[in-house]
Amino acid sequence: MIRHSLLREFSLFRLKRSVLLGIKSLWMHRLRSLLTAMGIVFGVCSVIAMLAIGEGASHEAQQQIKELGSQNIILRSVKATDATTAGEQERSLILEYGLTYRDISQIQATVPGVLVTIPAREVKDFIWNESRSIDGSTLGTVPWFPEMRNRSIVRGRFFTEIEMNTRAPVCVLSRSLARHLFPLTEPIGDTVRIQTSYFRVIGVIADDPAASSAGEEDKNGKPSAKQSAAMEMLIPISTLEDHFGEVLFKYRSGSFEAEKVELHEVTVRIDEPDRVMPAAQAIRHVLERNHKKVDYEMIVPLDLLRRAERTKQIFNIVLGSIAAISLLVGGIGIMNIMLATVTERTREIGIRRALGAKKKDIVVQFLIETVMLSGAGGVIGVALGLAIPLIITHFAEMVTIIEFWAPALAFSISVITGVLFGIYPAFRAAGMNPVEALRHE
Amino acid sequence: MVSPSHSEPVIELRGVEKHYQMGDTLVKALQGVDLKIFPGDYISILGPSGCGKSTMLNILGCLDQPSVGQYFLDGLDVSKLSDDDLSQVRGKKLGFIFQSYNLIQQLTVVENIEVPLYYQGVSEKESRDIAIELATRVGLGKRLDHRPTELSGGQQQRVAIARALSNDPSVILADEATGNLDSKSGGDILGIFDQLNADGKTLILITHDEGMSMRTSRTIRLKDGSIASDKRREEVAR
Ligand SMILES: Nc1ncnc2c1ncn2[C@@H]1O[C@H](COP(=O)(O)OP(=O)(O)O)[C@@H](O)[C@H]1O
Ligand SMILES: [Mg+2]
C-alpha cells in the first residue's frame, strides 16, 4: 500500500530535491560514504572483470574446438602403451599399429549418419626447400579435407581428385610452414623435398587450429614446440603411399624407427549434430572389436565443446557465488552505516516529521541515500571492471570479452543491493516517534 | 473566564487527558483540559517543571494524540487522525519553534526555511522566493547560504521563526523559544513574536519564565496537568 501511494505522490520534482538532499548528506561525511561504497565497488568490479576473463578464456577454447568441426569425429592412431605387446613386437623390428582401411569401411557400413570419411597418413620427417629445412609432418589425405576440417585455403588451391587418382606429386603447405621455408619468395610453383621425393607447391592452407594459435617465430628464428605441430604439408594420400610405401622409416634420436601404420588419422563427418554422440558410441564399438589394444584415440569436438560449456557453467556458478558474497558483504556494510546514520540523524528525522514529513517521505529519503551510495559504488565498480580486462589484455595478452550485459547486470545488482539493505534502516527511521526523535540528543 | 471572541476558535480542546503508563502506575500528564484558542490570540502557557507543558505542546502540535477527549484544529477533529493525516495537518496548519532551534545542519538558511514547503509540494521557484522573503524579514537577508553552524543562537532561532512562518500556519507553537539565548537575543526574538501577533498571527509560547505573561495577551497556567488559570491581559491588568 505504501509503495502504491509512493509511486503516485512522488513527483520528479521531489525526486530531484531528494537526490540533491541525499548528495548533501553523503557529502557531509565524504570519507565515510566513500569507504562504505568501496564494498560495492569491489564487488561490481570483480564481477565484471572475472566475467570478462572467464568469457575470454572459454571463447578461445570454444573457438578452437569449433574449428575442428562440431560434426566431425576425429580418430588418430597412437602407439599402444601396453608394455607386453610392445615387447612382443620388438622382434619384428617393425611397429605395426593404428587405424586401417578395414575400420573405415566397417564404420561406413555400420554407423548411421556417416556422411564422409577423410583418411590421412602421416610422414614425420624433415621438409626441405633447398638449404632451408624443418622437422614437420607430411599428411597424405583426400581432396575434401579442407572443407571437412574447416581449413581455409590462404593462397593457390588444394589438390583435386584427378591429382589424387594420378598420384600427382603436388603439395599444399600450412601457412607457418610456407613462411618458414619460403621467407622471402613465393612458394607456389616452387618445389619442396622430403627424403628423396620432390613435390610441387600448389597452395597454402591455414594452420591447424588444434596445433597453434600463434604463428610467429621467436627471436632466434626457431619455431616453438607449439609451432612445430603447425609445420604441416598436405599431399594426396595415394601420392604418399607411392613415395613412402607401407612401412615408414624415421631417423629419431640416433636410431632408426620403423613403423607400419595404414592410416594415421581418420575424420568421420556426421550428417546431423544430434547424431554425433550416438555415432561416436558406434564407432567406439567398431574399433573395440577390430583392435585388441587401444592403438587409436578418438576426439569428439562436440563432446569437448559440451564439456567446455559445462566447465564454463560451473565457472559462472562459482563466479556468481563470489559476486553474491562480495555484494552481500558490501550490502551489509552499507546497512551498518545507514543504521548508524539513522541514529545519528534521529533529531533531523524528528524535525522533518514535525514540519510535515510523512513516514514514506522519510523512507524515500533514506532509501535514496542508500541507493545513491550503492549506485555510486556501482558506477566506480563498472569503470574499474571495464578497465581491468583491458589492462589484462594489454599486459598479459589474454583474450577478455566484456559482454554488453555484464556491466548492466553488475550495476543493477549494486542498486538492488542498495534498496534491499536500505529498506530496514529507512523503515527504522520512519518508524520513530516524532516526539522522542525531537528529544533525542 | 475567557470571553468568547467574535470568531470561531482555531483550537478547541474538549476534556483532553494524556496518560502515560510508567510500570504499574498510570501517570496523568494532562487531565480534564478544556481550552479554546481564537485567531490572533497571543498566549503564554506557564507552569513549573513537570506540570504538563511539553505534553500539552505535543498534543497541540499534533505530534501526539490525547488519550481521552477531543482536539479540534480549524474545526477538524485531529484526535483520531492517521499518522499520515497528522503529518499533513502539521505541515499545513502549524509552525514550530524549539528551544534548541532544531535546524537541519547540512542545509543552508534558505533550504531550512524551505523544508515545510517541500513537504507541501510547493514548487522549487515559489518556495525559494518565499524563503528568501522570510529570511529577509527576520533580518538574515545577507546570510541566505550560511549553514546553521555559521550562525549565532539568536540568528538560528530567527531562521527557525522564518521556517515556522513559511507555510503560513494557523498557529505558531514555541517551546521555550528564548531558553537558550542571552537576554539581548531573547529580547529580539520576543520582539519578532510581538510583531507577528500584531500582524494577526496566533502564537502559543510555552515557557517557565513568569515575565512572559507580561508580554502576551493571554496567560494559561498549568498545575499538575490541569489548567489552573486562564486570564486575558485586561483581567491581569485589572
Ligand atoms: N513519555 C513519557 N512517559 C512517561 N511519563 C511522561 C512522559 N512524558 C511526560 N511524562 C510525565 O508527564 C508529566 C508532565 O511532563 P511534561 O509535559 O514533560 O512536563 P513539563 O514540560 O511541564 O516539564 C511529568 O510527570 C512527566 O514525568
Ligand atoms: Mg518540558
Response to the item:
The condition of being within 14 Å of chain B (Cβ to nearest Cβ), buried (at least 20 other Cβ atoms within 10 Å of the Cβ), in a helix (DSSP H, G or I) and out of contact with any Ser or Thr (no Cβ under 6 Å at 6 or more places or on another chain) holds, among A:Gly350, A:Gly330, only for A:Gly350
Item to complete: Answer yes if at least one residue in the stretch B:156-163 is at pLDDT 95 or above and at the interface with chain A (Cβ under 9 Å from one of its Cβ atoms), and no otherwise.
Response: yes
Practice prompt. For the stretch B:103-114, state whether one or more residues are under 19 Å from B:Asp175 (Cα atoms) and out of contact with any Leu (no Cβ under 6 Å at 6 or more places or on another chain).
Written response: yes
Item to complete: Taking A:Pro273 as the residue in question, decide whether it is open to solvent by 50 Å² or more (accessible area, probe 1.4 Å), out of contact with any Cys (no Cβ under 6 Å at 6 or more places or on another chain), in contact (Cβ under 8 Å) with a residue 12 or more places away in the chain and over 20 Å from A:Gln62 (Cβ atoms).
Response: no
Practice prompt. Please determine, by comparing only the residues of the stretch A:60-77 that are modelled with pLDDT of 85 or more and out of contact with any Ser or Thr (no Cβ under 8 Å at 6 or more places or on another chain), which one is surrounded by the most Cβ atoms within 10 Å (Cβ to Cβ).
Written response: A:Ser77
Discussion item. So A:Ala57 passes all but one of these: (1) open to solvent by 50 Å² or more (accessible area, probe 1.4 Å); (2) at pLDDT below 80. Which condition number does it fail?
Written reply: (2)
Discussion item. One residue is enough: does the stretch B:94-114 have a residue meeting the conditions away from chain A (no Cβ under 12 Å) and hydroxyl-bearing (Ser, Thr, Tyr)?
Written reply: no
Response to the item:
Among helices (runs of 4 or more DSSP H) entirely inside the stretch B:4-123, those with 3 or more residues being within 12 Å of ligand 1 (Cβ to nearest atom) and either touching a residue at least 12 places away in the same chain (Cβ under 8 Å) or within 19 Å of the chain's Cα centre (by Cα) (or both) are B:53-60
Discussion item. Return the residues of the stretch B:62-121 that are in contact with a Cys (Cβ under 9 Å, 6 or more places away or on another chain) and among the aliphatic types (A, V, I, L, M); say none if nothing qualifies.
Written reply: B:Leu73, B:Val78, B:Leu81, B:Leu86, B:Val89, B:Leu94
Practice prompt. Keeping to the stretch B:188-218, report how many residues are at pLDDT 90 or above and either open to solvent by 10 Å² or more (accessible area, probe 1.4 Å) or not hydroxyl-bearing (Ser, Thr, Tyr) (or both).
Written response: 20
Worksheet item: Which pairs have Cβ atoms under 6 Å, sit 6 or more apart or on different chains, and link a residue in the stretch A:107-129 that is in the same structural domain as A:Cys171 (by TED's automatic domain parsing) to one that is small (Gly, Ala, Ser)?
Response: A:Val111/A:Ala279; A:Val111/A:Ala282; A:Gly113/A:Ala279; A:Arg121/A:Gly140; A:Glu122/A:Ser137; A:Lys124/A:Ser137; A:Phe126/A:Ser133; A:Ile127/A:Gly136
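The values are calculated or read from the model by the stated rules, or taken from the named source; none is laboratory data. Because the structure is a prediction, the values reported are computed rather than measured. A quick note on method: Cβ atoms are made from the backbone with ideal geometry, for glycine too, and the neighbour counts reach across all protein chains shown. To get the accessible areas, we keep the full protein, side chains included, count just its heavy atoms, and leave off ligands, DNA and RNA. Shrake-Rupley method; radii C 1.70, N 1.55, O 1.52, S 1.80 Å.
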